[in-house]
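S.K.: Take a look at the following structure, please.
What follows draws every value from the coordinates through simple rules; no lab data is involved. This structure is a prediction, so every number in the text was calculated from the model and none was measured. Cβ placement follows ideal geometry from the backbone for every residue including glycine, while neighbour counts extend to all protein chains displayed.
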Amino acid sequence: MKRTAATAATAMTALVLAAALTACSSDDSTNAAPKKTPTTAPSAASTKDIAGAEASAGIPPKPDAAAQLAYIRALTGIDPDIVHGKEAKAVDRGRNQCQTIHNFPKDTSKQARMAEMRFTSPSHPQGFGKVKAAQIVVAVHTNLCAKF
């Protein structure tokens, strides 16, 4: 009889421990909010859409190789440090400058101020001065956005 009682007590202890461990489980999947899965992926804008939006904003398309070379040469002729080995960055800055030219076509002083802020280098963190900024505007307008 003692043996049966001891076995029953051991079984009862095992059941209580199992219940306690189940209650303390770190699995909170029953309390967690259901995960949201997107039903549709957002459509990516096409290159044509982006080009159209940029054109509407006054940003010209990226220049072809010949136009880019002429533009880089024009900037380098003003001051080699304007490009400072970063041609792609100079083109991006020029395309952005075209937007300023587009938005303020008769305000050449604003165009020059924006060029002075936009075209900087490690050696010229405050820009290249008013005279060179005006020359940069001419180079940008002539080589990247002559249509406006």
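S.K.: Loop-only check: which trypsin sites (Lys or Arg not before Pro) in the stretch 69-102 are DSSP coil with at most 10 other Cβ within 10 angstrom? Please list the in-between numbers first.
M.R.: On the way: sites: ARG73, LYS86, LYS89, ARG93, ARG95; in loops: LYS86.
Here no trypsin sites (Lys or Arg not before Pro) fit, given the DSSP loop and packing criteria.
S.K.: Could you tell me whether the stretch 80-148 comes out rounded, prolate or oblate from its Cα gyration tensor? Rule is a ≥ b ≥ c as square roots of the eigenvalues, rounded for a/c under 1.5, then prolate if a/b exceeds b/c, otherwise oblate. Walk me through the numbers on the way to the answer.
M.R.: Working: a/c = 2.10, a/b = 1.37, b/c = 1.53.
Note, shape of the stretch 80-148 comes out oblate.
S.K.: On full extension of the chain, what length is gained from ASP92 through ASP64, given 0.36 nm per residue of separation minus the C-alpha to C-alpha distance? Spell out each step's value before the answer.
M.R.: Values: separation 28, 0.36 × 28 = 10.08 nm, distance 1.33 nm.
Here the answer is 8.8 nm.
S.K.: With charges only on Cβ, +1 for K and R and -1 for D and E, what is the dipole size of the stretch 80-148 about its Cα centre, in debye, rounded to 20?
M.R.: Numbers: 11 positive and 5 negative charges, 32 e Å.
Using only the charged Cβ atoms, the result is roughly 160 debye.
S.K.: Do the alpha carbons of any pairs in LYS106/LYS147; LYS62/LYS106; LYS106/LYS132; LYS86/LYS147; LYS110/LYS147; LYS62/LYS110 sit beyond 22 Å of each other, and which pairs? Spell out each step's value before the answer.
M.R.: On the way: LYS106/LYS147 14 Å; LYS62/LYS106 24 Å; LYS106/LYS132 19 Å; LYS86/LYS147 25 Å; LYS110/LYS147 19 Å; LYS62/LYS110 24 Å.
Pairs exceeding the cut-off: LYS62/LYS106; LYS86/LYS147; LYS62/LYS110.
S.K.: Let me ask something else. Counting only other residues whose beta carbon sits under 9 Å from that of LYS130, what net charge do I get with K and R as +1, D and E as -1?
M.R.: Numbers: positive: ARG113, LYS132; negative: GLU116.
Net charge in that neighbourhood comes out at +1.
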